[in-house]
Amino acid sequence: MTEITILIIFFILFFIFSTIMKYFLSHKKIDMSKKSNIFSYNNLFTISLMIIISIFVSKNILNIKILYSILSIYIIISIIYSIKIGRPKIMMFFYLLSSLFILIPQIIFSQKIANYFIYTGLIFIVINAIIIYKNPYYNLNWLEGISFEIAKNIEKNCKYTNKPIIVNIKTNQNFLTGGNGLNIWLKKDKAIIKMSKKFHKKLGHPNMQEFSNKIIIQILDYKNEVKKDDKR
């Protein structure tokens, strides 16, 4: 079996696996009838894709080590930036470990030795998946699914504003989540929601203040449930 054939087979399997993973990691909130959801990706699947490339693409490809070096630098910079703006440190930590265990050995060691590091990287990917499953509010697919559920039951055809919506609520925590048109910052004394015009339209032009109030309550309620479960 040629290398190209192997790659094609694994890309197909990767697509099937990533689709199933997205469905379950979002707690079945993702709408798989939408092409945008099926072909969406996140860091977890980006790392998985790196594994496939690392194992099955020959190192004889011109400048492959330069490619891995650039990817490593990009990942490190993106993680530093993500932590700086408030993304969860534990997720970024395992993302960093997963990425570097896959990429750095490819630059330094032979393929045989590098493969052992890749298998170790798989362990960190599993840990990252568990964290995402237990904390779905960090999952873009879950957030979008919850957003549509909330939007169904509130006032529609309302005006859009590009100004951040403030929800005055004490959270006693700082964290950032969101993407794809919806960004949520929780601070100790308030929450800030920023929505794109495109996402507002997708939701049916909901009342933005009412929507913001409800999604913050939903996230905080879920975070409390997670904490209770962890104590059992």
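For (1) closer than 22 Å to Lys22 by Cα; (2) open to solvent by 90 Å² or more (accessible area, probe 1.4 Å), each residue gets a yes or a no:
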position: Ile83; (1), (2): no, no
position: Met92; (1), (2): yes, no
position: Ser98; (1), (2): yes, no
position: Gln111; (1), (2): no, no
position: Tyr116; (1), (2): no, yes
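Would you confirm, using the coordinates I've provided, whether Tyr138 is within 20 Å of Lys194 (Cβ to Cβ) and either within 25 Å of the chain's Cα centre (by Cα) or open to solvent by 30 Å² or more (accessible area, probe 1.4 Å) (or both)?
Details: within 20 Å of Lys194 (Cβ to Cβ): yes; either within 25 Å of the chain's Cα centre (by Cα) or open to solvent by 30 Å² or more (accessible area, probe 1.4 Å) (or both): yes.
Taking the combined requirement at face value, the residue satisfies it.
If I filter the range 141-163 down to residues being open to solvent by less than 10 Å² (accessible area, probe 1.4 Å) and touching a strand residue (DSSP E or B) at 6+ places or on another chain (Cβ under 9 Å), which single residue comes out as farthest from Lys198 (Cα to Cα)?
For the range 141-163, the residue satisfying everything is Leu143.
Which numbered condition trips up Lys223, out of (1) basic (Lys, Arg); (2) surrounded by 15 or more Cβ atoms within 10 Å (Cβ to Cβ); (3) at pLDDT 85 or above?
Among (1) basic (Lys, Arg); (2) surrounded by 15 or more Cβ atoms within 10 Å (Cβ to Cβ); (3) at pLDDT 85 or above, Lys223 violates only (3).
For the range 164-179, what are the residues that are in contact (Cβ under 8 Å) with a residue 60 or more places away in the chain and either of a type outside the set (A, V, I, L, M) or surrounded by fewer than 11 Cβ atoms within 10 Å (Cβ to Cβ) (or both)?
Start the filter on the range 164-179 by keeping residues that are in contact (Cβ under 8 Å) with a residue 60 or more places away in the chain, which leaves 174-177.
If the condition is that a residue be in contact (Cβ under 8 Å) with a residue 60 or more places away in the chain and either of a type outside the set (A, V, I, L, M) or surrounded by fewer than 11 Cβ atoms within 10 Å (Cβ to Cβ) (or both), then Asn174, Phe175, Thr177 are the ones that fit.
Within the range 180-194, work out how many residues are closer than 15 Å to Ile217 by Cα, basic (Lys, Arg) and surrounded by 12 or more Cβ atoms within 10 Å (Cβ to Cβ).
2
The values are calculated or read from the model by the stated rules, or taken from the named source; none is laboratory data. Quantities reported herein were computed from a predicted structural model and do not represent experimental measurements. Positions of Cβ are generated from backbone atoms using ideal geometry, with glycine treated the same way; all protein chains shown enter the neighbour counts. Accessible surface is based on the protein model in full, side chains and every heavy atom, while ligands, DNA and RNA are left aside. Shrake-Rupley method; radii C 1.70, N 1.55, O 1.52, S 1.80 Å.
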